[in-house]
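One structure is given here, and the rest of the page talks about it.
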Amino acid sequence: MKMKRLLTLLVTGLLVTFCAQAQPLMKTHVETGDLEATADGSDLAIYKAIPYAAPPVGDLRWKEPQPAKPWSGVLKAEEFGPWPPQPSRRDGSHPKMSEDCLYLGVATPAKSVSDRLPVMVWIHGGGFQTEHYGGDLWTSLARRGVVVVSVEYRTGALGFMAHPELTKESKNGHSGNYGLLDQIFALKWVQRNIANFGGDPSKVTIFGESAGAISCSILCGSPLAKGLFRACISQSGGSFAPWQDSGRSLVTNASQKGAEQHGLAFQKHLKKKSIKQLRKMDALALAGDNVGFGGFWPCVDGYVITDDLYRNYERGDYNDVPVIVMTNSDEGVLFTGPVTAEQYKENIKRTFGQFADEALRVYPGNTDEEAYFSNGDTFRDMGFAWPSFAWVSLQSKTGKSPAYAAYLAQPSTMSFAGSKKRHGVSHADDILYLNNAFLSQPDKYPAEAAVAEIIQQYWVNFAKTGNPNGKGLPYWPAFDKDKATTMQFSNGASLIAVPNREQIDFIDKFYRFQREETEKMRKSQ
């Protein structure tokens, strides 16, 4: 009986030990204190809100991020942090918003801090004005054997306003780009702390969509991000278009001086006399629906962004890591609406000037319907497809690391574009393939679920090895603009030549002209 009882105790002990080992890391420690997660099923630990920097409030508004303060006891990271101050969402909802928004989340399948799993760091989109780091794409990817981190950063005026007074305040002589500095600060936090979640800091892949993808391209070009990641995935975005130092809202790729003028115009609009007065304003008043002023965007400040990114890549001056760069087949439909043929042609003339006739040849608009689709296609190519093409093309010339091109064209009735007439995959629809939107409904969306499975396998393979290829998947070669090396996701996966090549070549020609004209103006000043 004693032997039987002893054996029972041994078996029970082994079972308890096995079960304990099988549990994900529900408790851990970071540099500022102890943490407790919430469970997602029996295989994932989710830490929803970890402060990675001090709240950027008061005198820290429009300052580089500062270290988070330690806490006592155990922080239960069971609720997402607030959204950054921003306009209400398109659906009319008003999420909890606060300037105290510098949090990140971690989803880990690791059973031990010694697991050393690859890490994927998600940077959300939203045009640098909106959106939030929370979401369910974490769980689907994490269950494939990676630690997923999602980062919040300052947006809108609080994240990207440049101003002469702020430039003078800065010891580095810059202003704006605070949201990008947040991202870099978070990546440094990952390097110091991710091992305590079972992650490997030497195997970090950054990935993002829209403004998050543009952020990824900027991080690839920034000396401040050197060594913080070993691979990058871009979904619909890249900061390669020419400089535009106009006074318009949402000035893209503006110089520090141009962005400062935008900040001064914002101050005047708010009827304030100084940065001191702007710092006293309620954060929501700087970003709410009634501000009535255009948005803010990263600028070429000579610090975070050292130069026109296109020129950096021409020189080979960037963080040379393997990249996957993907665009969607109908990106522009989310942003454009009905237009008459006459209106469309006038828009083309204003946009392309002396190139208008050629533009109308590659983007015809002889009927209202034709104009509707071409209007979306010009937006697609200027905003997303050409920058992505420029990225992989330049890296294939000047880099040592491989660049992989992808094109999402899977037809689906589910779309962020809603009921708008489409002829492809809308901007942001790629997110549906990374979360459980289709994989949770394979009977209703069999083709989409199959594509989602393929994309997620490629993405996780890439995070694990720096190469998307793996067993059971079509072979994906590095990009060559003159060969069928773009992986098209539509009813499976297959290689195609550069999609919409005639239009892409036209935008390339037009942007080259703009860049040359801007360079002439800069030299003459």
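The values are calculated or read from the model by the stated rules, or taken from the named source; none is laboratory data. Note that the coordinates shown come from a computational prediction; the quantities given were computed from them, not determined experimentally. Because the Cβ atoms are built from the backbone with ideal geometry, glycine has one as well, and the counts that use them run over all protein chains shown. Accessible surface is based on the protein model in full, side chains and every heavy atom, while ligands, DNA and RNA are left aside. Shrake-Rupley method; radii C 1.70, N 1.55, O 1.52, S 1.80 Å.
Here are the numbers:
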item	result
Accessible solvent surface per residue of the stretch 459-510, calculated while the other protein chains remain in place, 1.4 angstrom probe, Å²	46
Average Cα contact separation per residue, the stretch 26-84, under 8 Å, 6 or more apart, as relative contact order %	40
Cβ-derived FRET efficiency at R0 60 Å, GLU78 paired with LYS509, nearest 0.05	0.65
Tilt relative to the chain, helix 2-22 - C-alpha long axis, 0 to 90 degrees, to 10	10
Length released on extending from GLU453 to MET521, taking residue separation times 0.36 nm less the Cα-Cα span	19.5 nm
Cα pair count fraction exceeding 18 Å, expressed as % - the stretch 49-114	52
Cα-based convex hull volume of the stretch 109-208 per residue, rounded to whole Å³	96
Isotropically averaged projected area of the stretch 425-492, using the convex hull of Cα atoms (one quarter of hull area), nm²	5.3
The chain, relative contact order [Cα under 8 Å, separation at least 6], %	12
The chain - percent of accessible surface contributed by carbon and sulfur, probe 1.4 Å	53
Magnitude of the charge dipole, the chain, Cβ model with Lys/Arg +1 and Asp/Glu -1, debye to 20	1420
GLU36-GLN66 FRET efficiency (beta carbon distance; Förster radius 22 Å; 0.05 resolution)	0.30
Cα gyration tensor shape of the chain, rounded if a/c is under 1.5, else prolate or oblate by comparing a/b with b/c	oblate
Sites matching trypsin sites (Lys or Arg not before Pro) across the stretch 37-130 that sit in DSSP coil, with at most 11 neighbouring C-beta atoms within 10 Å	ARG90, LYS96
Candidates per chymotrypsin sites (Phe, Trp or Tyr not before Pro) in the stretch 22-108, loop by DSSP, up to 14 other Cβ within 10 Å	TRP71
Reachable lysines from LYS69, criterion Cα separation under 24 angstrom, eight or more residues apart if same chain	LYS27, LYS48, LYS96, LYS171, LYS188, LYS280
Using a Förster distance of 41 Å, the FRET efficiency for GLU370-LYS272 (Cβ separation, nearest 0.05)	0.30
Proximal aspartates and glutamates relative to LYS509, as straight alpha-carbon distance under 18 Å, when same-chain residues fewer than 8 apart are discounted	ASP308, GLU314, ASP357, GLU358, ASP377, ASP381, ASP482, GLU517, GLU519
